[in-house]
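The values are calculated or read from the model by the stated rules, or taken from the named source; none is laboratory data. Quick caveat: nothing in here was measured; it's all calculated off a predicted structure. Using ideal geometry, Cβ is built from the backbone for each residue, glycine included, and neighbour counts are taken over all protein chains shown.
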Amino acid sequence: MSQPSSSFDPETPESELEESSNILEKPLKNGKKVSEANGEAHGLDDYIQMGGYVLLVCLAAELLILPQVSSMFYMMYAGAAPRVLSCDNTVFDSQLEGKEICFEIDRIGNCSHPNFQYQFKSINVEYNYFCDTSKLVKNSISIQMIGVLTGSIVFGQISDSFGRKIGTQFASIGMFIGWLIVVQSRNLLHFTVSRTILGFFTGGSVSVINVFIMENIPKKHRMWINMAITWSPNMPIYSLFAWIAGDWKTLAYINAFVCLPGFFFFQFFIHESPRWLVTKGKISEAVQVLKRQLKTSNQLHLIHEDLEDNLNMEYAKTVKQNTRKTKFSYYHLFVTPRLAMTTAALAYSYWATSIINYGVLFNMEKLSGSIYWNSVWTGLMRYACNLSFGWADLKFKRIGRKFIHTSGLVIIFISLSVVVACYALHMNHEMKDVIRISILLASSMTSQIYIADGIVANELFPTPIRTIGYSFIQTWNRVGVVCSPFIFYLADYWLALPFCCMIFFSLIDTFSFECLLPETKGRHLVEHMPPRHEWWFGAGKVDKIVEEEEDVEEELRPLEA
């Protein structure tokens with residue numbers, strides 16, 4: 001049985017991949033063949049071309065990303081701890097850091113009438129949480145992120161079972177309703193529960209939309225589009241929303257409103273993913289969707305009489321590889337050594353990156369300067385790096401996923417090392433601006449690591465388990481978010497200890513990504529699962545599979561004749 005063009009072998013050279021892709025070449029009813037030499041498309045990747053529809057997908061993605069940013073970064077403002085100016089009759093030195101003031105309050109032993117200074121009226125200010133009690137709010141953030149984690153898992157299965165579009169729309173409506181529940185909160189418990197419900201739909205939105213984008217943009221443009229349409233440029237926008245709102249309830253209402261444009265745009269202008277339709281055997285619907293997409297992009301010349309036959313061949317190969325009775329689940333991410341290593345390396349990378357990113361963001365109020373401007377500069381630095389690396393990826397063949405991922409980690413290592421050195425030399429007061437810039441720079445670099453991880457995941461996970469795979473590593477992303485508020489608890493022992501841990505995590509990420517994963521730049525998306533004989537468990541089903549594949553052979557004969 002011949003293997004499909006994208007059979008899962010990440011170490012196969014690109015020339016071999018292109019050669020093996022000729023399996024899609026087949027005779028038509030009039031005796032002619034489809035070939036790339038004639039400029040005719042015959043694989044799904046060849047039908048996905050840059051044009052008007054791709055631009056609509058990018059716009060839809062931006063309209064859905066802003067609500068995701070609004071939800072994930074909300075606690076950067078709503079959970080910001082106020083600065084204690086005085087406590088009863090004690091006035092604190094304005095040069096002291098927030099943590100140092102808390103040390104003084106612990107020494108005093110009581111603070112019944114604190115006087116706060118704050119830039120945003122957060123939950124902490126509303127319900128009088130500061131110093132040690134502010135940890136209750138940080139714990140609340142971790143609980144809220146459990147909702148995001150759960151949503152990533154559940155919506156991965158929903159998306160693969162019912163479609164990318166349905167999953168996205170369901171998540172958007174859930175987020176809108178969730179925000180309306182949040183504003184009704186009357187205490188920290190109610191707030192935590194409502195935010196956890198909201199987080200469930202946020203996690204679902206994140207896990208589905210990234211896969212949808214990857215399946216609907218040309219492979220040549222994957223990196224720069226993902227670098228341009230990302231969370232980074234939305235951070236300054238969200239800082240403006242927070243500045244206008246001034247308090248957590250008003251900001252929640254604004255967040256609810258920004259969920260609506262993406263929902264309606266997606267409903268009326270965006271189609272279901274053709275790749276998902278083909279995987280589910282909905283060939284006629286996939287044909288109609290591709291025709292509408294190509295018409296929107298003014299590329300009707302790509303539509304030939306063999307379009308439906310080509311899609312039938314793709315579906316038939318999927319059936320041959322996997323059998324129609326196979327129900328894919330999360331354990332399929334580990335059925336071969338290569339898939340297991342890919343899953344483990346990407347999951348760890350997401351976890352470690354989230355520890356660094358959200359550890360800083362959820363403690364942004366501890367940095368010197370304005371919480372709004374710190375967020376703005378972080379977003380701008382992220383976006384500048386994103387656009388630079390996106391341009392370099394498009395311009396230079398040697399700059400691939402690994403280079404972008406590792407260069408970000410190197411900058412994180414250097415930046416955080418500067419921070420640790422300042423604390424070790426007891427120069428944290430004199431060098432507070434250097435520390436601030438270094439921490440913001442380290443946080444900024446996490447953006448390109450997230451993007452590189454997401455692209456590699458979508459390029460290595462086969463189509464039948466792509467959303468499941470992405471949602472699994474997003475789960476570990478959320479585990480990192482859950483853990484991130486606790487990383488700064490280590491500052492109780494030494495102010496620089498959280499940054500030491502971040503350096504250690506980034507070093508492991510660097511070596512695992514470089515050693516365990518292949519470079520994927522320029523490769524077709526993997527359409528089919530690895531052959532069954534490569535699986536290291538499930539061998540007891542071989543006889544049944546052989547019988548079913550013999551039945552499938554009969555279905556393939558009219559297409560291959």
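Just a few scattered comments:
- One residue alone among L294, L307, L290 is farther than 29 Å from R532 by Cβ and either at pLDDT below 70 or among the β-branched types (V, I, T) (or both), and that residue is L307.
- Screening the candidates S438, S484 for the property of being assigned to a helix (DSSP H, G or I), among the hydroxyl-bearing types (S, T, Y) and without any contact (Cβ under 8 Å) to a residue 60 or more places away in the chain yields one hit, S438.
- In region 170-190, the qualifying residues are those that are crowded, with 19+ Cβ neighbours inside 10 Å and polar (S, T, N, Q), and the one that is farthest from the chain's Cα centre (by Cα) is S185.
- Against the numbered list (1) more than 27 Å from E459 (Cβ to Cβ); (2) assigned by TED's automatic domain parsing to the domain that holds G262; (3) at pLDDT 85 or above; (4) surrounded by 19 or more Cβ atoms within 10 Å (Cβ to Cβ), K138 comes up short only at (3).
- The single condition among (1) at pLDDT 85 or above; (2) outside any helix (DSSP H, G or I) that F504 does not meet is (2).
- Total residues in region 191-200 satisfying the condition of being crowded, with 24+ Cβ neighbours inside 10 Å and over 19 Å from the mean Cα position of the chain (by Cα): the figure is 2.
- Yes/no for V182 being over 30 Å from T296 (Cβ atoms), at pLDDT 90 or above and assigned by TED's automatic domain parsing to the domain that holds V154: yes
- Residue within region 169-176 that is modelled with pLDDT under 90, over 20 Å from M145 (Cβ atoms) and not charged (D, E, K, R) present: yes
- When S438 is tested against (1) more than 20 Å from the chain's Cα centre (by Cα); (2) of a type in the set (S, T, Y); (3) surrounded by fewer than 19 Cβ atoms within 10 Å (Cβ to Cβ), exactly one condition is not met: (3).
- Residues that are part of a helix (DSSP H, G or I) and either over 21 Å from I229 (Cβ atoms) or not assigned by TED's automatic domain parsing to the domain that holds I146 (or both) occur in region 441-451; there is at least one.
- Residue check, P233 at pLDDT below 80, closer than 26 Å to L387 by Cα, surrounded by fewer than 22 Cβ atoms within 10 Å (Cβ to Cβ) and not hydrophobic (A, V, I, L, M, F, W, C): no
- One residue alone among T510, T463 is among the polar types (S, T, N, Q), more than 27 Å from K138 (Cα to Cα) and crowded, with 24+ Cβ neighbours inside 10 Å, and that residue is T463.
- Scanning region 326-345 for residues that are among the charged types (D, E, K, R) and either surrounded by fewer than 18 Cβ atoms within 10 Å (Cβ to Cβ) or assigned to a loop (DSSP other than H, G, I, E, B) (or both) turns up just one, K327.
- Per the listing E62, E100, the residue uniquely assigned to a helix (DSSP H, G or I), of a type outside the set (A, V, I, L, M, F, W, C), surrounded by fewer than 21 Cβ atoms within 10 Å (Cβ to Cβ) and not assigned by TED's automatic domain parsing to the domain that holds T378 is E100.
- Residue within region 381-395 that is among the polar types (S, T, N, Q), touching a residue at least 24 places away in the same chain (Cβ under 8 Å) and in the same structural domain as T342 (by TED's automatic domain parsing) present: yes
- In region 103-131, residue surrounded by the fewest Cβ atoms within 10 Å (Cβ to Cβ) [restricted to those that are acidic (D, E) and over 23 Å from I371 (Cα atoms)]: D106
- Against the conditions (1) in a helix (DSSP H, G or I); (2) surrounded by fewer than 23 Cβ atoms within 10 Å (Cβ to Cβ); (3) of a type in the set (V, I, T), I399 satisfies every one except (1).
- Filter result (crowded, with 17+ Cβ neighbours inside 10 Å and of a type in the set (A, V, I, L, M)) within region 412-428: I412, L416, V418, V419, V420
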